[in-house]
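Working notes, beginning with the structure itself.
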Amino acid sequence: MLEDETLIRMMLAGMVEELGHRVVVEAANVHHGKILAETADFDLALLDINLAGHNVAPVAEIVAKRDLPFLFVTGYAPGALPKGFEERPSIEKPFVPAKLKQAIELALRDHRET
């Protein structure tokens, strides 16, 4: 999970766990996110698009090269997705657990179908 706002990251991790999943790694910036994207063992990455003014695209590229699914989490409109990733699943903040569940299921399903 990559989210620069500590409270939002904690709330998001709580929602993910309430939905029956486990958060295995967390990062708050692109640099740490890139390291984890290259090395961590995970089933799905949740990626905030804007991390203290830095775009998450480099992290998304690493996750995509590893052929792992990811979901963009953003406070921006869907049109703000990083270039080359416009068709990837995303969810707009704020959201409720039911919407997060749907978005996670969509990201996992889309990945299985590709």
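Where a number appears in this text, it was derived from the coordinates with a stated rule and is not lab data. Since we're looking at a predicted model, the values are computed, not measured. For neighbour counting, all protein chains shown are included, and Cβ atoms are generated from backbone atoms with ideal geometry for every residue, glycine included.
Below, the figures for the structure above:
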read-out	value
Gain on full stretching of the segment that runs from Phe95 to Arg109 - 0.36 nm per residue minus C-alpha separation	3.0 nm
Segment Arg22-Arg66, extension gain: residue separation times 0.36 nm, minus the distance between their alpha carbons	13.8 nm
Percent of beta bridges antiparallel (DSSP, segment 6-113, rounded to nearest 5)	20
The chain: Lys pairs at Cα distance under 18 angstrom, eight or more positions apart or on different chains	4
Cα gyration tensor, the chain - rounded (a/c under 1.5), prolate or oblate	rounded
Charged-residue dipole, Cβ positions (Lys, Arg, Asp, Glu), segment 29-114 about Cα centre, Debye nearest 20	140
